[in-house]
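The structure under discussion appears below in the form of structure tokens.
The values are calculated or read from the model by the stated rules, or taken from the named source; none is laboratory data. Since the structure is predicted, the reported quantities are computational estimates derived from the model, not experimental observations. Every residue, glycine among them, receives a Cβ derived from its backbone with ideal geometry; neighbour counts consider all protein chains shown.
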Amino acid sequence: MTTETTELVISGIAVQVVRKNIKNMHLAVYPPDGRVRVSAPTRVSDETVRLAVISRLNWIRKRQQTLEQQLRQGRRLMVTGESHFVEGRRYRLDVTESDSPAAIELRNRQRLHMSVRPGTSPDKRLELLQQWYRRRLQARLPSLLEKWEPLIGVSANECRIKRMKTRWGTCNIDARRIWLNLELAKKPPECLEYILVHELVHLRERHHNDRFKALMDRYLPTWRLCRDRLNQAPLADERWDY
């Protein structure tokens, strides 16, 4: 896909504009520093982009302020003594080296034990941990889907996991496919449930309108508390390239 990237300054905010062969315009505010990017169809003018950004200035500034205030984890070195989160609980990482296959397990509700072969690099250790997170998160989904799909009256064709930088979840309504952010493996269980319900409700209502909020209120009355808790949780340290 051919893309063209330019930059506009709109009301004092630097906005990266990426034009490509798409149908609709999309605006996003990216962690960790609140960079603003607009993806736009190739024929959309600068003035159209400018008006779209101005119409959402309050949201952009609120989102930037939230990101600025949100706690962040430091760079993960994957060594003994580091803190890592699992389902909302903080664990101390213990790393041992042995010639046996790599393994990760929780011990005593306080320690996250990782056994790796001698010389395993920090990047490889992190990869092993992310794979472990993925397996744990995937194992939790069948029971949640079994609970919520009949209540909401929908059925997802697929529910997958991937790393995402700007969203906790997303839903392809036409394919009835839900994606969940791998970072949810680190968050409290009610946060995962909230995001899954949120995406399932999108199968009944595409937009974040009053009907969508009413459906969320009906099925998960505590959803606003879950949203706030999730947004206050520490952000992972990332190389936020895009």
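From Tyr30, Tyr91, grab the single residue that is touching a helix residue (DSSP H, G or I) at 6+ places or on another chain (Cβ under 9 Å) and either surrounded by 13 or more Cβ atoms within 10 Å (Cβ to Cβ) or of a type in the set (Ser, Thr, Tyr) (or both). Talk me through it step by step, then tell me what you get.
Working: Tyr91 fails: touching a helix residue (DSSP H, G or I) at 6+ places or on another chain (Cβ under 9 Å).
It is Tyr30.
Please go through segment 191-211 and pick out each residue that is assigned to a helix (DSSP H, G or I) and either in contact with a strand residue (DSSP E or B) (Cβ under 6 Å, 6 or more places away or on another chain) or surrounded by fewer than 17 Cβ atoms within 10 Å (Cβ to Cβ) (or both).
Initially, segment 191-211 is screened for residues assigned to a helix (DSSP H, G or I), giving 191-201, 210-211.
Those that are assigned to a helix (DSSP H, G or I) and either in contact with a strand residue (DSSP E or B) (Cβ under 6 Å, 6 or more places away or on another chain) or surrounded by fewer than 17 Cβ atoms within 10 Å (Cβ to Cβ) (or both): Ile195, Glu199, Asp210, Arg211.
Could you pull out the residue among Thr96, Thr120 that is touching a strand residue (DSSP E or B) at 6+ places or on another chain (Cβ under 9 Å), hydroxyl-bearing (Ser, Thr, Tyr), surrounded by 15 or more Cβ atoms within 10 Å (Cβ to Cβ) and assigned by TED's automatic domain parsing to the domain that holds Arg204? If you could, list the steps in order and put the result at the bottom.
On the way: Thr96 fails: surrounded by 15 or more Cβ atoms within 10 Å (Cβ to Cβ).
Only one candidate passes the filter, namely Thr120.
Of Ala185, Ala214, Ala139, which residue is crowded, with 19+ Cβ neighbours inside 10 Å, among the small types (Gly, Ala, Ser) and either assigned to a helix (DSSP H, G or I) or outside the structural domain of Arg37 (by TED's automatic domain parsing) (or both)? Walk me through it before giving the result.
Details: Ala214 fails: crowded, with 19+ Cβ neighbours inside 10 Å; Ala139 fails: crowded, with 19+ Cβ neighbours inside 10 Å.
Only one candidate passes the filter, namely Ala185.
Among the residues of segment 70-81, is there at least one that is free of Cβ contacts under 8 Å to residues at least 40 places away in the same chain, outside any loop (DSSP other than H, G, I, E, B) and either in contact with a Gly (Cβ under 9 Å, 6 or more places away or on another chain) or at negative phi (or both)? Outline the logic, then answer.
Filtering segment 70-81 for residues free of Cβ contacts under 8 Å to residues at least 40 places away in the same chain gives 80-81.
From the residues that got through so far, the ones that are outside any loop (DSSP other than H, G, I, E, B) too are none.
No, every residue in segment 70-81 fails to be free of Cβ contacts under 8 Å to residues at least 40 places away in the same chain, outside any loop (DSSP other than H, G, I, E, B) and either in contact with a Gly (Cβ under 9 Å, 6 or more places away or on another chain) or at negative phi (or both).
Quick check on my filter: what residues within segment 16-37 are part of a strand (DSSP E or B), closer than 26 Å to Asn231 by Cα and either touching a Lys or Arg at 6+ places or on another chain (Cβ under 7 Å) or modelled with pLDDT of 95 or more (or both)? Before the answer, list the steps.
Initially, segment 16-37 is screened for residues part of a strand (DSSP E or B), giving 16-20, 26-30, 35-37.
Next, only the ones that are closer than 26 Å to Asn231 by Cα stay: 16, 26-30, 35-37.
Listed by number, the residues that qualify are Gln16, Leu27, Ala28, Val29, Tyr30.
List the pairs whose first member sits in segment 88-108 and is without any contact (Cβ under 8 Å) to a residue 60 or more places away in the chain, whose second member is outside any strand (DSSP E or B), and whose Cβ atoms are under 6 Å apart, counting only residues at least 6 apart or on separate chains?
Hits for this filter: Leu93/Glu82; Asp94/Thr80; Val95/Thr80; Glu97/Pro118; Ala102/Leu128; Ile104/Trp132.
Taking the options Asp228, Asp237, name whichever one is modelled with pLDDT under 95 and part of a loop (DSSP other than H, G, I, E, B). Outline the logic, then answer.
Numbers: Asp228 fails: part of a loop (DSSP other than H, G, I, E, B).
Going through Asp228, Asp237 in turn, just one is modelled with pLDDT under 95 and part of a loop (DSSP other than H, G, I, E, B): Asp237.
If you go through segment 88-114 one residue at a time, how many are in a strand (DSSP E or B) and more than 27 Å from Glu193 (Cα to Cα)?
We begin by selecting, within segment 88-114, every residue in a strand (DSSP E or B); these are 89-97, 103-107, 111-114.
Of the ones still in play, those that are also more than 27 Å from Glu193 (Cα to Cα) are 94-97, 103, 114.
Number of matching residues: 6.
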